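**Q** Structure below; questions to follow.
The values are calculated or read from the model by the stated rules, or taken from the named source; none is laboratory data. Given the structure is predicted, the values throughout are model-derived calculations rather than measurements. Methodologically, a virtual Cβ is constructed for each residue, glycine included, from the backbone with ideal geometry; neighbour enumeration extends over all protein chains shown.
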């Protein structure tokens, strides 16, 4: 409550404070025309980053194990963990982001291990903004047989020289995994959930919008043909803007949404094909 003094009487007058109510925006408000392309590009990028890496890229660790339950017998067994080699991680970083850097934040020893924490920075291909993830890796220090690394005299010559770069490699991979499944994020998870695109064209999914039947009886045939073959959403929007006389028809707006969705799917298919061809070229 606020108090103000009445000018004439000097008596304090209490005035109620009206609370400010903020309205939470709807998802459709977030993808207005000026941001719709960026939102879809982001969804496309996230979809790509959450694809499972090619099976031929995945290797099995010679020492690290994980416990699984055999589906046929219910027996618990230990099998090698899967991993994505660092050269494939670096290849993906270069192909997708072009610009990326690694900074060592700290390194040291912990118990009998050498550890390293890094910051993996990469350029967002949509906004150009630099993003980053931190990662940590560790490897055992090589010592004389049966000896502890707590006593420096038992550490094998060259152990730090070999161990620190290895710890850095594990740290880079740990940071990269946070980008998405393509970088090996869920390789050893039994309950991984597939990524579903969040982009929604109005109240319908992209696929539903592209397959929707639109009544074009009120729209000239040549305009329907022009709209249906438009190569980009920019061209679609220009066609729509050029025919104000048709804006009164909901079917014309539906035709725009349908072509937008069709173009979105064509872009997705092209991205997937490029990724597949790139993977095939690195067998």
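**Q** Keeping to the stretch 208-239, report how many residues are touching a helix residue (DSSP H, G or I) at 6+ places or on another chain (Cβ under 7 Å) and loosely packed, with under 15 Cβ neighbours inside 10 Å.
**A** Qualifying residue count, the stretch 208-239: 5.
**Q** Among the residues of the stretch 70-78, is any assigned to a loop (DSSP other than H, G, I, E, B) and surrounded by 16 or more Cβ atoms within 10 Å (Cβ to Cβ)?
**A** Scanning the stretch 70-78 turns up no residue that is assigned to a loop (DSSP other than H, G, I, E, B) and surrounded by 16 or more Cβ atoms within 10 Å (Cβ to Cβ).
**Q** Can we say residue 268 is in a helix (DSSP H, G or I), modelled with pLDDT under 80 and not assigned by TED's automatic domain parsing to the domain that holds residue 80?
**A** Answer is yes for this residue.
**Q** Another one. Counting only residues that are modelled with pLDDT of 95 or more and crowded, with 17+ Cβ neighbours inside 10 Å, give me the strands (runs of 3 or more DSSP E) lying completely in the stretch 92-169 with at least 3 of them.
**A** 113-123
**Q** Test each condition in (1) surrounded by fewer than 17 Cβ atoms within 10 Å (Cβ to Cβ); (2) modelled with pLDDT of 80 or more; (3) closer than 30 Å to residue 53 by Cα for residue 253 and report the one that comes out false.
**A** Residue 253 satisfies every listed condition except (3).
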